[in-house]
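Accompanying notes for the structure given below.
Taken together, the values in this text are just the output of simple stated rules run on the coordinates, not laboratory data. Keep in mind the model is a prediction, meaning the values are calculated, not measured. Cβ coordinates were reconstructed from backbone atoms using ideal geometry, including for glycine residues, and neighbour counts include every protein chain displayed.
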Amino acid sequence: LFAGKGSAEAVLKAAEGGEGERLRNHRCYAHLYLGLYYEATGDDGKAKQHMLKAAKDFAMDHYMGRVAQVHVKLRGWDE
């Protein structure tokens, strides 16, 4: 997306491979990526939506999972 190719839908579709914790991890990364993308392009509503999914709905206990959680907290998006 940052290169001007692909779509948010393609990112989410690519994240659907696997099952269990692997699927959860893919979804966490996809929503983190989309949250950062939308924030960089100035769409704070979509950024918040995707970052909350990465931080809460698909939370992972690893470095990038924590990045999503800290990002949500720093932005004041925790509900």
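Restricting attention to segment 1-51, the residues that are within 23 Å of G76 (Cβ to Cβ) and of a type in the set (D, E) total 3. Restricting D43, D57 to those that are under 16 Å from V11 (Cβ atoms), free of Cβ contacts under 8 Å to residues at least 12 places away in the same chain and of a type outside the set (V, I, T) reduces the list to D43.
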